[in-house]
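The values are calculated or read from the model by the stated rules, or taken from the named source; none is laboratory data. All values reported here derive from a predicted model rather than from experimental measurement. Methodologically, a virtual Cβ is constructed for each residue, glycine included, from the backbone with ideal geometry; neighbour enumeration extends over all protein chains shown.
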Amino acid sequence: MKRRKFIKNSLLATTIPTIGGLLYGEPQTNRENQPFNLLYAPHFGMFSKHSGSDLVDQIQFMYDMGFLSLEDNGMKDRSVSDQNRIAKTMNKLGMTMGVFVAHKIYWDFPNLTSGDRNYRDQFIKDIKDSIDVAKRVNAKWMTVVPGHVDLGKESAYQTANVIEALRRASEVLEPHDLIMVLEPLNWWSNHAGQFLREIPQAYEICRSVNSPSCKILFDIYHQQISEGNIIPNIDKAWEEIAYFQIGDNPGRKEPTTGEINYKNIFKHIYEKGYKGVLGMEHGNSKSGKSGEQAVIDAYRTVDSF
């Protein structure tokens with residue numbers, strides 16, 4: 001649905017002053033459509049029953065609903081034309097770009113953990129290629145996953161191999177003020193065999209790399225499964241956390257559908273002064289327009305502090 005038609009059919013005419021320093025001046029109904037306290041970032045397709053399939057229309061709908069960020073793991077694979085369209089729209093609306101995946105991830109066998117020079121060189125090449133994408137779409141962060149464990153090496157050797165690869169990648173990213181964020185993945189339900197699993201492990205690696213371009217992506221869904229203790233781990237690793245992702249457990253759907261107390265977690269993050277993005281890396285618990293509205297309503301519920 002085109003944005004003008006959506007506004008005509010769905011919103012009452014009123015105005016608000018500015019959002020993100022830009023004059024908005026489009027119809028709004030009430031507080032429900034105002035910006036959220038934190039920069040929650042939907043993915044393309046999350047609200048397509050309302051907005052339609054066009055990327056620009058989807059971004060505009062997200063903005064109209066109060067979301068001021070976008071996350072797109074597959075941004076690197078999009079055409080330059082689409083990347084430019086996305087960036088132009090987000091820049092006009094004053095929205096912040098979240099992460100995209102920076103490199104080829106080896107889910108089933110070792111790459112960075114192995115210490116193999118060929119894998120390390122390919123990783124560095126992927127990181128270099130991601131710089132142009134990041135600049136094109138005004139992204140600051142990119143996701144990195146070290147890959148599968150190497151069953152033929154002790155954990156300490158694997159850790160050293162990963163640190164070496166990340167130090168070299170950091171040297172590439174630092175001059176551009178870009179940040180790769182390491183994502184620990186849960187061992188149990190989605191990514192069995194992955195080397196990087198827990199926040200203390202990621203913290204140790206980032207401290208060893210010792211670069212502003214190597215930080216932690218704290219995926220709350222994965223960490224609830226791997227280790228729990230969410231708020232204390234946020235506090236302990238705070239200096240190395242640059243990004244969050246969201247998903248309730250079980251099910252990896254929107255907040256309020258599972259066991260995680262997202263209202264308390266988001267309030268804690270907000271009160272610590274976090275200004276970055278929180279990627280909505282989850283599915284919708286219900287289908288259709290009602291399911292999309294349920295996602296919006298869920299974020300209004302957990303953002304009410």
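One line per residue, one yes/no per condition, for (1) surrounded by fewer than 17 Cβ atoms within 10 Å (Cβ to Cβ); (2) over 29 Å from residue 206 (Cα atoms); (3) not small (Gly, Ala, Ser):
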{"position": "255", "(1), (2), (3)": "no, no, yes"}
{"position": "261", "(1), (2), (3)": "yes, no, yes"}
{"position": "276", "(1), (2), (3)": "no, no, no"}
{"position": "289", "(1), (2), (3)": "yes, yes, yes"}
{"position": "293", "(1), (2), (3)": "yes, yes, yes"}
{"position": "296", "(1), (2), (3)": "no, yes, yes"}
{"position": "302", "(1), (2), (3)": "no, yes, yes"}
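Residues checked against (1) closer than 24 Å to residue 45 by Cα; (2) of a type in the set (Val, Ile, Thr); (3) at pLDDT 95 or above:
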{"site": "185", "(1), (2), (3)": "yes, no, yes"}
{"site": "188", "(1), (2), (3)": "no, no, no"}
{"site": "205", "(1), (2), (3)": "no, yes, yes"}
{"site": "216", "(1), (2), (3)": "no, yes, yes"}
{"site": "239", "(1), (2), (3)": "no, no, yes"}
{"site": "265", "(1), (2), (3)": "no, yes, yes"}
{"site": "272", "(1), (2), (3)": "no, no, yes"}
{"site": "277", "(1), (2), (3)": "yes, yes, yes"}
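Quick one: would you say residue 121 is within 20 Å of the chain's Cα centre (by Cα), at pLDDT 95 or above and surrounded by fewer than 16 Cβ atoms within 10 Å (Cβ to Cβ)?
Judged against the criteria, residue 121 is not a match.
Could you check the range 276-305 and list, in sequence order, the residues that are in a helix (DSSP H, G or I) and of a type in the set (Phe, Trp, Tyr)?
Correct list: 299 only.
Kindly list, by first and then second residue, each pair from a residue in the range 65-83 that is in a helix (DSSP H, G or I) to a residue that is surrounded by fewer than 20 Cβ atoms within 10 Å (Cβ to Cβ), limited to pairs with Cβ atoms under 6 Å and residues at least 6 apart or on different chains.
Here the result reads 76/133; 83/136, each pair linking the range 65-83 to a residue that is surrounded by fewer than 20 Cβ atoms within 10 Å (Cβ to Cβ).
Kindly check whether there is at least one residue in the range 246-256 that is farther than 18 Å from residue 66 by Cβ and in a strand (DSSP E or B).
So far as the range 246-256 goes, no, none of its residues is farther than 18 Å from residue 66 by Cβ and in a strand (DSSP E or B).
Take the residues in the range 191-203 that are among the small types (Gly, Ala, Ser) and surrounded by fewer than 23 Cβ atoms within 10 Å (Cβ to Cβ); name whichever of them is modelled with the lowest pLDDT.
Looking at the filtered set, the residue picked out is 192.
Have a look at 272, 286, 236, 263 and point out the one that is without any contact (Cβ under 8 Å) to a residue 12 or more places away in the chain and either in contact with a helix residue (DSSP H, G or I) (Cβ under 8 Å, 6 or more places away or on another chain) or of a type in the set (Val, Ile, Thr) (or both).
286
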